Amino acid sequence: MSTTNDLLLRTARGEQVERPPVWLMRQAGRILPQYRALRNRLSGFKELVETPDLAAEVTIQPVDELGVDAAIIFSDILVIPEAMGLPYEMIEKRGPNFPKVIESAKDVERLSDGEDAAASLHYVYEAVRETKRRLNGRVPLIGFAGAPWTLMAYMVEGSGSKTFSKAKRLLYTDEQLAHQLMQKITNTLIAYLQEKVRSGAQLVQVFDSWAGILSPEQYRRFALPYIGQICEAITEVPVTVFSKGAWFVLDQIGELPCQVVGLDWNTPPALARKWVGEGKVLQGNLDPCQLYALPETIQSATTAMLDAFGRGHIANLGHGVYPDTPLDGVKAFVDTVKAYRYK
Ligand code: CP3
């Protein structure tokens with residue numbers, strides 16, 4: 001089946017396009033009243049994630065409502081720890097919690113990994129297939145996963161944290177165990193992303209949301225080699241690496257075999273181009289809080305961002321859209337990108 005609006009895929013492949021494609025990280029869920037209405041009828045977040053029919057519905061809502069150039073499958077990065085043997089709970093208004101965490105070598109040994117672990121995520125693959133059927137080629141479907149470091153951070157810490165100091169402690173005190181854990185997570189991520197692509201995902205994004213809390217040395221040692229393994233294993237579709245806060249290793253991210261590099265809003269576009277180097281498409285990076293401003297202000301800030309990036313760019317925010325963002329602000333952002341033309 002051909003994709004009617006394939007602007008995202010053409011841009012990611014480095015082709016000449018008339019304007020940048022636009023989508024928003026965390027566009028599925030969080031902001032749309034349609035999402036909240038559906039969510040309120042259910043027992044909780046996990047029911048939505050684990051019911052392919054509903055996940056497909058939520059995935060397509062922003063395509064219908066906002067006119068974005070891509071859909072991103074509704075799911076969560078935390079399905080991977082669960083598949084490996086550490087189930088998560090999503091606590092209302094607080095976020096994720098892991099009743100069991102990784103504390104010892106035995107805990108790491110007990111985790112399942114690779115294809116065995118990934119096979120249990122059949123509901124995600126079915127959601128991807130169902131979404132593709134319903135999209136019927138309107139826009140490409142993005143698949144995603146958390147990066148090994150970000151997942152390890154949750155698996156050791158057990159919940160969100162400002163510092164992730166328990167997870168960082170493991171890096172400083174038992175390097176070998178940290179590497180074993182990262183490798184098991186990576187094996188699972190590779191099998192998972194490959195199956196997502198076989199199910200129909202047309203681009204995959206790796207979210208390293210907690211990249212910015214590591215030192216440059218730690219990031220090089222513990223995070224980049226594993227992201228590199230993932231990029232090497234995914235050969236059928238473009239890969240986006242979004243390491244939030246990791247401006248200090250953009251030169252090395254530029255050397256990964258990925259096609260797109262995601263940027264947070266702290267990174268100036270011109271410096272990012274210089275650091276990442278030639279041959280990569282950049283994605284981002286408007287401050288999510290910019291969307292609280294008046295539509296005219298959003299329009300000029302968005303145009304300035306597009307001018308600063310120039311060609312080889314996928315328009316997005318610098319992190320996920322915040323839950324209390326006014327829909328008019330989101331629409332002003334999307335509409336400005338869609339009206340833009342390269343000179
Ligand atoms: O981009 C999309 O719209 C697809 C869906 C998606 C979700 N989570 C759904 C979700 C994606 C891509 C994610 C990724 C994710 N999950 C990340 C990486 C991206 C980032 O923001 O840095 C992280 C760190 C998580 C872990 C997670 N899941 C947290 C910390 C929370 C609680 C806070 C929150 O609202 O995000 C979640 C829950 C979650 N995941 C929700 C949604 C729509 C909110 C659940 C609800 O409806 O109550």
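The values are calculated or read from the model by the stated rules, or taken from the named source; none is laboratory data. Note that this is a predicted model, so its numbers are computed, not measured. Glycine gets a Cβ as well: all are built from the backbone with ideal geometry, and neighbour counts include every protein chain shown.
Listed values, structure above:
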{"item": "Where Lys343 falls short, out of the listed (1) more than 25 Å from Tyr35 (Cα to Cα); (2) at pLDDT 95 or above", "result": "(2)"}
{"item": "Failed item, numbered, when Leu291 is tested on (1) part of a helix (DSSP H, G or I); (2) surrounded by fewer than 22 Cβ atoms within 10 Å (Cβ to Cβ)", "result": "(2)"}
{"item": "Residues satisfying the stated conditions in the range 144-168, i.e. within 15 Å of the chain's Cα centre (by Cα) and either within 10 Å of the ligand (Cβ to nearest atom) or surrounded by fewer than 22 Cβ atoms within 10 Å (Cβ to Cβ) (or both)", "result": "Phe144, Ala145, Gly146, Ala147, Thr150, Leu151"}
{"item": "Ile298, sole failed condition from (1) of a type outside the set (D, E, K, R); (2) in contact (Cβ under 8 Å) with a residue 40 or more places away in the chain; (3) more than 27 Å from Asp208 (Cβ to Cβ)", "result": "(2)"}
{"item": "Residue list for the range 67-101, restricted to those being within 8 Å of the ligand (Cβ to nearest atom) and within 20 Å of Thr186 (Cα to Cα)", "result": "Ser75, Asp76, Ile77, Leu78"}
{"item": "Failed criterion for Phe74 (all others in (1) modelled with pLDDT under 95; (2) of a type outside the set (Lys, Arg); (3) within 17 Å of Arg134 (Cβ to Cβ) hold)", "result": "(1)"}
{"item": "Unique residue being within 11 Å of the ligand (Cβ to nearest atom) and under 27 Å from Ala117 (Cβ atoms) when the list is Arg30, Arg26", "result": "Arg26"}
{"item": "Every residue from the range 203-221 that is surrounded by fewer than 24 Cβ atoms within 10 Å (Cβ to Cβ) and either among the acidic types (Asp, Glu) or farther than 18 Å from Cys258 by Cβ (or both)", "result": "Gly212, Ile213, Ser215, Pro216, Glu217, Gln218, Arg221"}
{"item": "Total residues in the range 118-165, condition of a type in the set (Ser, Thr, Tyr), in contact with a strand residue (DSSP E or B) (Cβ under 9 Å, 6 or more places away or on another chain) and more than 23 Å from Ile314 (Cβ to Cβ)", "result": "2"}
{"item": "Failed criterion for Ala308 (all others in (1) buried (at least 16 other Cβ atoms within 10 Å of the Cβ); (2) over 17 Å from Pro62 (Cβ atoms) hold)", "result": "(1)"}
{"item": "Helices (runs of 4 or more DSSP H) contained in the range 113-158 and holding at least 2 residues farther than 30 Å from Glu175 by Cβ and out of contact with any Cys (no Cβ under 6 Å at 6 or more places or on another chain)", "result": "122-135"}
{"item": "Residue ID - nearest to Asp328 (Cα to Cα), chosen from residues in the range 259-281 that are touching a Ser or Thr at 6+ places or on another chain (Cβ under 9 Å) and free of Cβ contacts under 8 Å to residues at least 40 places away in the same chain", "result": "Val261"}
{"item": "Condition check for Glu232: out of contact with any Pro (no Cβ under 9 Å at 6 or more places or on another chain) and modelled with pLDDT of 95 or more", "result": "no"}
{"item": "Which listed residue, of Gly284, Gly277, is within 16 Å of the ligand (Cβ to nearest atom) and at positive phi", "result": "Gly284"}
{"item": "Any hit, the range 60-73, residues being in contact with a Gly (Cβ under 9 Å, 6 or more places away or on another chain) and polar (S, T, N, Q)", "result": "yes"}
